[in-house]
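Notes to accompany the following structure.
The values are calculated or read from the model by the stated rules, or taken from the named source; none is laboratory data. Quick caveat: nothing in here was measured; it's all calculated off a predicted structure. With ideal geometry, Cβ positions are generated from the backbone for all residues, glycine too; neighbour counts draw on all protein chains shown. When the accessible area is computed, the model is the full protein with side chains, heavy atoms only, and any ligands, DNA or RNA have been set aside. Shrake-Rupley method; radii C 1.70, N 1.55, O 1.52, S 1.80 Å.
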Amino acid sequence: KLFISSTNKMEDKEKQDDSRLAALKKYSQVWADTMDISTSIQYKPIGATSNPFIVLANLNEEHNKHFIKEAAEWAKQTHNPDHDTQDRMIQRAVMKCMVSMGVAMSQHIPGLVNTQVDCRYAYDKQKIIEQAMEIIEIYEQEGVMRNRVGIKIPATWEGIQACRVLSSSPHHILCNMTTMFGLPQAIAAAEAGAAIISPYLNRIAAHFDNKYNPKYLPAPNNPDLPFVMKLYTYYKQHDIKTILLGASIKHTSELELLAGLDAITIFPTHLHAMAEVKGDFTPQMSVEDAKHSPPLPLDSFIDDEGFFHPVFRIFERSNRCLCRI
């Protein structure tokens, strides 16, 4: 379980904050899409997300470069030349680097830090399980228990089945399922016990339309927004406890349309922009509204691989058509 309140708990000083960021925190959990602790100190997010690209960008900052040297030394010291290849040692160094940054971030946020498994394992259930457990082992060796860590896993059939194993006894690992392209993935992820799912705003269109450029697309016309709304409605109508974490926000204007979502992870530049502007939000999503929306029938995909793939392909085709409108 995630022992996190539905909104940020603000201290007395923060209650006087009339910025757009403070307003958003009244309706949704605000997470930071970075592993740089300076962001958490300044903007006080609930949780933090990352991927290898974010970590690489963070490591380019001078004050973070010590993580590289420390991870390399650790990988050399723990390397077993009789069983591990050079590539394996490098992989463990990268993994250690991501975990160490997560450990540092965990000291400045009350919620979860998220670390991603190697995307090359997206279609290998056993590899995902093994690496997720290894990541958790390193975190716990550094004093951060598994109830403070989310493991980001792509929501392929294999990833969802890996989540099913990891989230259950005896592991009880919190899984954050990513790369959502259709409702079947979200349904199966919830059935597998995912703690979080992360639909990537702007990624569906970007993936299926080479000409798509969010810079020139007004937020209300973003084809990914109805998809996120549908996920929210389905989860609330069926009392699913999995947290919906909106990600890949390209414009602060999109946050207006996501206010009320369980949680949103936001780039540091957008956090800064929101903190500098005064104003309130009108929440666009609420449990009450979702429950009074046209009913979405309860469905199941967790045990039917043959049905999962064809339905997922239908959603892929729908997204392609939608992105060309």
Exactly one condition in (1) modelled with pLDDT of 95 or more; (2) surrounded by 15 or more Cβ atoms within 10 Å (Cβ to Cβ); (3) closer than 30 Å to residue 48 by Cα is false for residue 296; which is it? (3)
Quick check: anything in the stretch 188-195 assigned to a helix (DSSP H, G or I), under 19 Å from residue 33 (Cβ atoms) and either modelled with pLDDT under 95 or open to solvent by 40 Å² or more (accessible area, probe 1.4 Å) (or both)? no
Restricting attention to the stretch 69-94, which residues are touching a helix residue (DSSP H, G or I) at 6+ places or on another chain (Cβ under 6 Å) and part of a helix (DSSP H, G or I)? 71, 72, 74, 75, 89, 92, 93
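Results for (1) at pLDDT below 90; (2) under 17 Å from residue 32 (Cα atoms); (3) open to solvent by 30 Å² or more (accessible area, probe 1.4 Å), shown as yes or no for each residue.
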position	(1), (2), (3)
266	no, yes, no
272	no, yes, yes
275	no, yes, yes
324	yes, no, yes
Do any residues in the stretch 86-112 that are within 14 Å of residue 67 (Cβ to Cβ) have Cβ atoms under 6 Å from those of residues that are in a loop (DSSP other than H, G, I, E, B) and among the charged types (D, E, K, R), where the two are at least six apart or on different chains, and which pairs are they? 103/142
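Here's the yes/no breakdown for (1) touching a Ser or Thr at 6+ places or on another chain (Cβ under 6 Å); (2) open to solvent by less than 10 Å² (accessible area, probe 1.4 Å); (3) within 15 Å of residue 249 (Cβ to Cβ); (4) touching a residue at least 60 places away in the same chain (Cβ under 8 Å):
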site	(1), (2), (3), (4)
16	no, no, no, no
23	no, yes, no, yes
30	no, yes, yes, yes
51	no, no, yes, yes
55	no, yes, no, no
60	no, no, no, no
67	yes, no, no, no
70	no, no, no, no
73	no, no, no, no
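Scan the stretch 106-144 for residues that are part of a loop (DSSP other than H, G, I, E, B), acidic (Asp, Glu) and over 18 Å from residue 52 (Cβ atoms) and report the count.
Count: 1.
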Exclusive hit being in a helix (DSSP H, G or I), open to solvent by 20 Å² or more (accessible area, probe 1.4 Å) and out of contact with any Lys or Arg (no Cβ under 6 Å at 6 or more places or on another chain), set 165, 99, 103: 165
Name the residues in the stretch 105-148 that are modelled with pLDDT of 95 or more and charged (D, E, K, R), would you? 124, 125, 127, 130, 134, 137, 140, 142, 146, 148
